[in-house]
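S.K.: Quick one: the structure is below, questions incoming.
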Amino acid sequence: MKLYYKSSRGADGEFAASQAIIRGIAEDGGLFVPNALPELKMDFSELKYKSYGETAYEVMSLFLDDFEEEELKNCIANAYDDKFDTEEIAPLVMLDDGVSVLELFHGPTLAFKDMALSILPRFMQMAKKKNNIEEDIVILTATSGDTGKAALEGFAGIDGVEIIVFFPEKGVSPVQKLQMVTQEGENTHVAGIRGNFDDAQTGVKMIFGDKEYAKKLKSKGYRLSSANSINIGRLIPQTVYYFYAYGQLLKKGIVQNGDLVDFVVPTGNFGNILAGYYAKRMGLPVGHLVCASNENKVLSDFFESGNYDKNRLLTKTQSPSMDILVSSNLERLLYEISGNNEEPVSEWMKSLDEKGFYNVDAFLSGLKEDFEAGWINDSDGRRCIADVYRKYGYLMDTHTAVAYGVNERRTNGSKRHSVILSTASPYKFPKSVLSSIEKKYEDWEEIDLMEVMEEFVEGEIPTGVKDIRNRKVLHEHVCGKDGMKEAVDEFLSGRDLK
C-alpha cells in the first residue's frame, strides 16, 4: 500500500511525506496522519546490533517513502552526529531489575526535543527542493519550554528559513528562557507572550488557519510551516527511540526477544507518547504506554474517564514543559481509535473549541488495552528526585520525576520491565532538582546552582548551558496573546508585510 498523509478532520487532499512536512498543518486545522501505519518487518533481535542512525533509517524509511535512500541517510547522518555528547545518542541506564531510564537529553539543548529537531531542518530543506518551492519557509512555533530552543538551534543559519518562537513569558524555567533569548542567528526570532502555553499554541494555530494572512505572506515570498509536534516531520523521528531502547534492552540481556516492555512517558502535548503508540502499532513488543501527568492532569483524567475537559485552571508547576491543558497530538490518537474516521474527530475538535470538552467513553475500553495513566504533584516529584538520588546515585530532572512517581504508583501488577523516558537534563532545572535533595538550595539563584550540580553528577556542565549567564540577550520582544500576528509582521518586516 502506498503511504500518503491526509487531514485528521477530513479536508480533501492526499500528500506525500515531504508535502505534509512542508505544510505542517492541514487547511482545515487538522493534523496530517498516515493513511495506514506501516509495519516494521524485521527480527527485532537485530536491533541490538544497530546504531541509533541505523535504527532511525529502518523506522523512518517506512514513513518517508518519497525520500530516496541516500537522501534519508544523509539527513540522518547530519542529524545524529557529534552534536550529541554520547555515542549512543540515547543511552539506556539501569536503575534496578524492573526499571531503566532512556536518556533523551544528550543533544545540544539538553532536552528530548533534540531527537526530532536535529533532523526536521534537514527534512525541510529536502522537502523544499523535492517540491520546487521557491518561497522562504517561516517556521512558526509555540513552546512550553524545550521545543523553542531545540527548534531555534536546529534552524539557526539554515538558508531560506525564518524561525519564530513564542513562549509564555513567565511560564518557563530561568534556564529555558535564557537558552531562547540568547539564541544567535539572523534568521531566529523569539517573543515572550503575556499568557500561558495554551495561549501561545492557540495563537499559532489561529495564524495557520488565517487563509488571507497566508496569501499576504505568499505575496511577499513566505510560506508558513511548523516545528511543533503538530508537524508529522517532528513525530516520525520520535518513534525511533522506542525501537532503539528495545534493542538496548536485548543487548543488555534485560529482556528476551518478543518480551513485552512498558514505557512510562511524561507528557503534556502527547506527541512523545503518541510516537510510542505508533511504534507499538508498527509491531514493537510494547505492553502498556503509561501517560504520566503533573497536577495539570487533563490527560490522566481523559484515560480514566474518556472525558477530555480543558475547563480548569492551569497550575504552574516545577515541570513546566507539561503545564498544558490542550494536548494537540491527542487528535491523532482519536483518528486511530475511531478507525481512521475523520467525521467524529472533526466533531470532537469542534466541541473542544466551542465548549472546552469532548467525550469518547465508547472507546475507553479499547484505549485501556494500550494505555495507563497517572499523575503526581510537585511534592511527590521532589520526593522522587531525592529518593532516586539516595538509592541509586542517579540525578533526574523534574519531568522524569513525574514519570518515576507515576510508575511507582501503578497498581496493575505488571511484571514487565518498565522504561522511563527521561525528557530533560537536570541541568535545565537546577534549583528544583537540588533543593529536592537539600533544602538549603531553595534560597540560591538558579544559575548559581549549575556549578553545584557538577558535584552531584560528577561531570562537567554540558556545553548547551555552560556560561549561559554570560551570553548576551538578543531577543527582548514581549507581546500580548492577541498580538502574535503583529509580532510575526514585525519580525518579517524586511518585506513590508504591513
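S.K.: Whether any residue in segment 157-166 is at pLDDT below 95, of a type outside the set (Val, Ile, Thr) and in a helix (DSSP H, G or I) is what I want to check.
M.R.: No, segment 157-166 contains no residue that is at pLDDT below 95, of a type outside the set (Val, Ile, Thr) and in a helix (DSSP H, G or I).
S.K.: To continue, here is another question. Quick check on segment 85-121: of everything there that is more than 24 Å from Lys391 (Cα to Cα) and surrounded by fewer than 20 Cβ atoms within 10 Å (Cβ to Cβ), which residue is farthest from the chain's Cα centre (by Cα)?
M.R.: Among them, the one singled out is Glu87.
S.K.: Restricting attention to segment 105-125, does a residue exist that is over 23 Å from Phe197 (Cα atoms) and of a type in the set (Lys, Arg)?
M.R.: Yes: segment 105-125 contains one or more residues that are over 23 Å from Phe197 (Cα atoms) and of a type in the set (Lys, Arg).
S.K.: Quick one: which residue in Phe84, Phe105 is of a type outside the set (Gly, Ala, Ser), touching a residue at least 60 places away in the same chain (Cβ under 8 Å), within 22 Å of Val240 (Cα to Cα) and outside any helix (DSSP H, G or I)?
M.R.: Checking each option against the conditions leaves just Phe105.
S.K.: In addition: Considering only segment 142-149, I want to know if a residue exists there that is of a type in the set (A, V, I, L, M), at pLDDT below 95 and in contact with a Gly (Cβ under 8 Å, 6 or more places away or on another chain).
M.R.: yes
S.K.: Of the residues Ala20, Ala56, only one is outside any strand (DSSP E or B), over 30 Å from Met206 (Cβ atoms), at pLDDT 95 or above and small (Gly, Ala, Ser); which?
M.R.: Just one listed residue meets the conditions, Ala56.
S.K.: Ser293: within 20 Å of Ile232 (Cα to Cα) and out of contact with any Cys (no Cβ under 9 Å at 6 or more places or on another chain), yes or no?
M.R.: No.
S.K.: Report the residue count in segment 449-465 for those that are among the β-branched types (Val, Ile, Thr), surrounded by 13 or more Cβ atoms within 10 Å (Cβ to Cβ) and not in a helix (DSSP H, G or I).
M.R.: 2
S.K.: Might you check whether a residue that is farther than 20 Å from Val406 by Cα, in contact with a helix residue (DSSP H, G or I) (Cβ under 6 Å, 6 or more places away or on another chain) and either buried (at least 19 other Cβ atoms within 10 Å of the Cβ) or at pLDDT below 95 (or both) occurs anywhere in segment 259-274?
M.R.: No, because not a single residue in segment 259-274 is farther than 20 Å from Val406 by Cα, in contact with a helix residue (DSSP H, G or I) (Cβ under 6 Å, 6 or more places away or on another chain) and either buried (at least 19 other Cβ atoms within 10 Å of the Cβ) or at pLDDT below 95 (or both).
S.K.: Considering only segment 416-438, I want to know if a residue exists there that is of a type outside the set (D, E, K, R), more than 23 Å from the chain's Cα centre (by Cα), at pLDDT below 95 and under 25 Å from Thr400 (Cβ atoms).
M.R.: No.
S.K.: Now, a different point. What's the total number of residues in segment 286-319 that are of a type in the set (Ser, Thr, Tyr) and free of Cβ contacts under 8 Å to residues at least 60 places away in the same chain?
M.R.: Residues that pass the stated criteria total 3.
S.K.: From the list Lys177, Lys128, which residue is over 22 Å from Asn329 (Cβ atoms), touching a residue at least 24 places away in the same chain (Cβ under 8 Å), basic (Lys, Arg) and buried (at least 21 other Cβ atoms within 10 Å of the Cβ)?
M.R.: Selected residue: Lys128, the only one of Lys177, Lys128 that is over 22 Å from Asn329 (Cβ atoms), touching a residue at least 24 places away in the same chain (Cβ under 8 Å), basic (Lys, Arg) and buried (at least 21 other Cβ atoms within 10 Å of the Cβ).
S.K.: Looking only at segment 244-271, count every residue that is outside any strand (DSSP E or B) and within 19 Å of the chain's Cα centre (by Cα) and tell me the total.
M.R.: Total meeting the criteria: 7.
The values are calculated or read from the model by the stated rules, or taken from the named source; none is laboratory data. Predicted model, so just to flag it, every value in this text is computed and none were measured. A quick note on method: Cβ atoms are made from the backbone with ideal geometry, for glycine too, and the neighbour counts reach across all protein chains shown.
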